[in-house]
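Remarks on the structure that follows.
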Amino acid sequence: MRRRLRRRRRRPRGGVERGLGGARVHVPIAGSERWRRLRHVQAHAVAAFLEPLQVEHALHVRQCDAVEGRRLVGAQRVRDAVAPVARGHAAQLLEHVADARRRREERPPEAPRGDLDRAWSLAERTHAFTGAASAPDSIGAFATADRAQAGLYYVALTDRLLVWVARGSDRRARAVEVSARALRHDVARLRRAIAAGRQDDIDSLASSLWSMLVAPVRDEIGDAETLFIVAGGPFEGLPFAVLRDTDTGRYLVEDHAIVMLPNWRFLGGAPAAVRLDRNWDVFAAGDPAQADRRLPRLVGGRAEVLAIARRFPRGQVVIGREATPAAVLAAAAHATLIHVAAHLSPNEEDPGLSRLHLAPDAENPTGELFVRDLVTRPPTQLALVVLASCRSGAGRSFAAGLSLTAATPLLEAGVPAVVAALWDADDAGTAEVLDMFYAEASRGRTIARALAEAQRLAVHRAVPPRIWAALVLTGRTT
């Protein structure tokens, strides 16, 4: 049996052996030279390991301090910039609150019916910010007109409706107990009913609105042939022509021609009687080849302008690719009547920037024409502009009878009359009503009477209100 030879372990010097879990570990004795060298090496190793970490930590702390400092400085700058504005807004708010309290305390008692001065005092204190304080003066100026014409000015307050009526040398005021909120609600319901073609709802809502708006001044209006109406705020987009008499069942347009005015300033002075003439220099553009292929073609617009060419021998008609902005602008310099049947993109903030989509050319690759460019200088011969475009007569409406539509910049530039549409109407149906309008105008009727007669014929032919009630005449004309 072979004897296992054990190798004798040598005990290192300068230390002792200790057992650790069955293993023997040599531990140097403290104070020995070897111990000191080991501690020195360990210290250098630890320092070499920790030094980059300490440097990185110091850099991170320095960066955080810099970011925090910039944040604090930026926040302080923001506070310094916002604080004056906030204090100014707070001061204005406090002033408005104090002014509202003062006006409420100084509010006069309820204005009796027919008392124009007291009624206007209430309206002026409620809507002073609209700048409509001189509206009764315009009513008085309109009172010099013929008795065949009547002016109506509506102001909707929070809890009542004020109506001024001028006819001949008379002027009256009425107060109706109806809130602006209720009016806005009923007008919106009527427009939805017209769009959906619900005739029963149309008749009910039109009769209800007639009782609120027309019945209180029915005696003052009398048998006036033409009504000039100024109505803003909750009346936005209301087709007055479709209001229905609760006694006779007739639409308002069947008894009166209706002319809408964009604001009360147009009430001043006598309106001009404009009649079409077969020898007029007429320009018509329809069914342009738009650059935007997503827009549908206007086949009814093509029929409109072709019918105009048949009625006016001196008429100039452009269709398709020829209906460019350059052609329209060239005709605007000399034409007496401009008829445009094209798509329109309304701009409610600035109606003059509403865009007509015409055919593109080399000078204008988009084919877009701003409405305000139709009249670049005060017109001397232009008597009528027909914007046969969807929503050309729609826009924003404010208190005290201020309305902003695509027709507003044309009227302010001096065009006597503009025919436009309140909503998206049927292409073929609108072409039919406009053809009847030109047929009546060619018989010697004034523009207002011709449009009213065309709408009456449409009613007798059972044309839906969605088609004939969309057309509205605005301007200082009969």
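The values are calculated or read from the model by the stated rules, or taken from the named source; none is laboratory data. What you see is a predicted model; the values in this text were computed from it and never measured. All Cβ positions, glycine included, derive from the backbone under ideal geometry; neighbour counts span all protein chains shown.
In this structure, is Val165 under 25 Å from the mean Cα position of the chain (by Cα) and buried (at least 22 other Cβ atoms within 10 Å of the Cβ)? If you could, list the steps in order and put the result at the bottom.
Numbers: under 25 Å from the mean Cα position of the chain (by Cα): no; buried (at least 22 other Cβ atoms within 10 Å of the Cβ): yes.
Answer is no for this residue.
Of the residues in segment 168-185, how many are surrounded by 18 or more Cβ atoms within 10 Å (Cβ to Cβ) and within 18 Å of Ala206 (Cβ to Cβ)? Count: 3.
In segment 395-420, which residues are surrounded by 24 or more Cβ atoms within 10 Å (Cβ to Cβ) and of a type in the set (Gly, Ala, Ser)? If the condition is that a residue be surrounded by 24 or more Cβ atoms within 10 Å (Cβ to Cβ) and of a type in the set (Gly, Ala, Ser), then Ala400, Gly401, Ser403, Ala406, Ala407, Ala417, Ala420 are the ones that fit. Within segment 308-336, being surrounded by fewer than 18 Cβ atoms within 10 Å (Cβ to Cβ) and in a helix (DSSP H, G or I) holds for Ala309, Arg310, Arg311, Ala326, Leu329, Ala330. When segment 439-478 is examined, which residues are found to be buried (at least 20 other Cβ atoms within 10 Å of the Cβ), part of a loop (DSSP other than H, G, I, E, B) and of a type in the set (Val, Ile, Thr)? Result: Thr478, single match.
Those residues that are closer than 17 Å to Arg476 by Cβ and of a type outside the set (S, T, N, Q), I need them from segment 208-239; list them, please.
Within segment 208-239, the subset closer than 17 Å to Arg476 by Cβ is 224-231.
Answer for segment 208-239, where residues must be closer than 17 Å to Arg476 by Cβ and of a type outside the set (S, T, N, Q): Ala224, Glu225, Leu227, Phe228, Ile229, Val230, Ala231.
For first residues located in segment 421-432 and within 19 Å of Ala394 (Cα to Cα) and modelled with pLDDT of 85 or more, partners that are of a type in the set (Val, Ile, Thr) and buried (at least 23 other Cβ atoms within 10 Å of the Cβ) and lie 6+ apart or on another chain with Cβ distances below 6 Å form the pairs Leu422/Val472. Are any residues in segment 180-200 within 27 Å of the chain's Cα centre (by Cα), over 14 Å from Leu238 (Cα atoms) and assigned to a helix (DSSP H, G or I), and if so, which ones? Arg181, Ala196 - these are the residues of segment 180-200 that are within 27 Å of the chain's Cα centre (by Cα), over 14 Å from Leu238 (Cα atoms) and assigned to a helix (DSSP H, G or I). When Asp200 is tested against (1) modelled with pLDDT of 85 or more; (2) in contact with an Asp or Glu (Cβ under 7 Å, 6 or more places away or on another chain), exactly one condition is not met: (2).
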